[in-house]
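Before I ask anything, let me first share the structure, which is written out below as structure tokens.
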Amino acid sequence: MDPVPLFPQPVDTRLTHLHQTLLTRYGQPAPRVQRDPLSQLIYSLLASRTKTEDSDNVMRGLQSRYATWEEFRDAPLAEVEQAIAGVTFPEVKAPRIKGALMGITARYGSLTLDFLAKYRTDKIREWLEGFEGVGAQVSAAVVNFSTLRRRALCVDANHLRVTQRLALTPRADAATTETRLMRLVPEDWDAAMLDEHHSLVKLHAQTLCTFAEPKCGACPLVERCPFGKKTVGQV
Ligand code: SF4
């Protein structure tokens with residue numbers, strides 16, 4: 001039995017408040033179509049700094065052009081780059097994606113990530129992050145959004161901006177911010193709830209808390225937001 005603490009620890013409700021406020025503002029996000037882990041890895045590598053619509057279009061194009069991911073892996077690099085030209089930085093992403101697909105095949109013996117389901121979440125993420133271009137954001141997306149459905153919080157540029165403006169955690173990179181935010185996540189939030197939280201924060205980042213022109217005067221979080229209070233002149 002765990003020792004009973006002498007003094008009860010205060011419960012940090014900031015993420016619960018953020019989640020409920022965004023849920024009230026935007027409603028329930030559309031349920032995610034869960035991909036197998038390999039398809040999610042490819043999608044996440046494509047999607048970095050790219051509009052969702054463009055990533056979706058390129059992913060659809062790849063799936064109609066190649067009958068299998070093995071065919072895509074074996075295509076010449078110039079063809080891969082051309083096939084993903086609809087996302088940002090195809091010249092950087094093409095060698096990374098091709099390298100990851102070849103690396104998975106070399107390490108596992110075939111091109112699949114389904115075997116990861118047997119492993120602990122931290123081991124899966126460490127394994128994925130061994131590939132060039134796969135950082136905390138991509139590994140979190142693979143374990144949380146795919147059929148692996150593990151607890152992780154995908155902190156992308158949108159998520160980072162909102163949490164930093166709200167001063168939920170000290171300013172830091174995405175990996176450190178995820179670790180700090182996970183300490184604030186209520187224990188009963190499962191993988192689906194973390195996915196929903198990510199979707200709500202992303203929606204907020206794209207709707208009101210935009211990079212260039214945050215609409216703080218219309219934001220339901222302004223009373224708790226140091227950046228927003230400064231912007232609307234409340235401090
Ligand atoms: S008040 Fe402004 S900066 Fe703060 S979360 Fe809202 S839109 Fe973003």
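The values are calculated or read from the model by the stated rules, or taken from the named source; none is laboratory data. Treat the numbers as computed from the prediction; the structure is a model and nothing was measured. When we count neighbours, we look across all protein chains shown, and the Cβ atoms used for this are built from the backbone with ideal geometry, even at glycine.
Run residue 106 past the list (1) closer than 30 Å to residue 204 by Cβ; (2) surrounded by fewer than 18 Cβ atoms within 10 Å (Cβ to Cβ) and report the number of the one that doesn't hold.
The one condition residue 106 does not meet is (1).
Taking residue 218 as the residue in question, decide whether it is assigned by TED's automatic domain parsing to the domain that holds residue 168 and more than 28 Å from residue 34 (Cβ to Cβ).
Yes.
Select from the range 209-235 the residues that are assigned to a helix (DSSP H, G or I) and among the small types (Gly, Ala, Ser) and write down the one among them that is nearest to the ligand (Cβ to nearest atom).
Taking the candidates together, the pick is 228.
Does the range 66-75 contain any residue that is under 23 Å from the mean Cα position of the chain (by Cα) and either assigned to a helix (DSSP H, G or I) or of a type in the set (Phe, Trp, Tyr) (or both)?
Yes, there is a match, as at least one residue in the range 66-75 is under 23 Å from the mean Cα position of the chain (by Cα) and either assigned to a helix (DSSP H, G or I) or of a type in the set (Phe, Trp, Tyr) (or both).
Out of all the residues in the range 141-164, is one or more more than 10 Å from the ligand (Cβ to nearest atom) and without any contact (Cβ under 8 Å) to a residue 12 or more places away in the chain?
Checking the range 141-164: not a single residue is more than 10 Å from the ligand (Cβ to nearest atom) and without any contact (Cβ under 8 Å) to a residue 12 or more places away in the chain.
Which of the residues spanning the range 194-208 are more than 6 Å from the ligand (Cβ to nearest atom) and either surrounded by 17 or more Cβ atoms within 10 Å (Cβ to Cβ) or over 25 Å from the mean Cα position of the chain (by Cα) (or both)?
Of everything in the range 194-208, those that are more than 6 Å from the ligand (Cβ to nearest atom) and either surrounded by 17 or more Cβ atoms within 10 Å (Cβ to Cβ) or over 25 Å from the mean Cα position of the chain (by Cα) (or both) turn out to be 194, 195, 196, 197, 198, 199, 200, 201, 202, 203, 204, 205.
Tell me which helices (runs of 4 or more DSSP H) are completely within the range 100-194 and hold 3 or more residues being within 25 Å of residue 21 (Cα to Cα) and outside the structural domain of residue 46 (by TED's automatic domain parsing), or say none if there are none.
157-165, 174-184
Turning to a different aspect of this structure: Which one is farthest from the ligand (Cβ to nearest atom), of the residues in the range 181-193 that are surrounded by 15 or more Cβ atoms within 10 Å (Cβ to Cβ) and under 23 Å from residue 226 (Cβ atoms)?
Among them, the one singled out is 182.
While we're on this one: Write out, first by first residue and then by second, each pair whose Cβ atoms fall under 6 Å of each other, whose residues are 6+ apart or on separate chains, and whose first residue, in the range 215-235, is of a type in the set (Phe, Trp, Tyr) while the second is part of a helix (DSSP H, G or I) and modelled with pLDDT of 95 or more.
227/165
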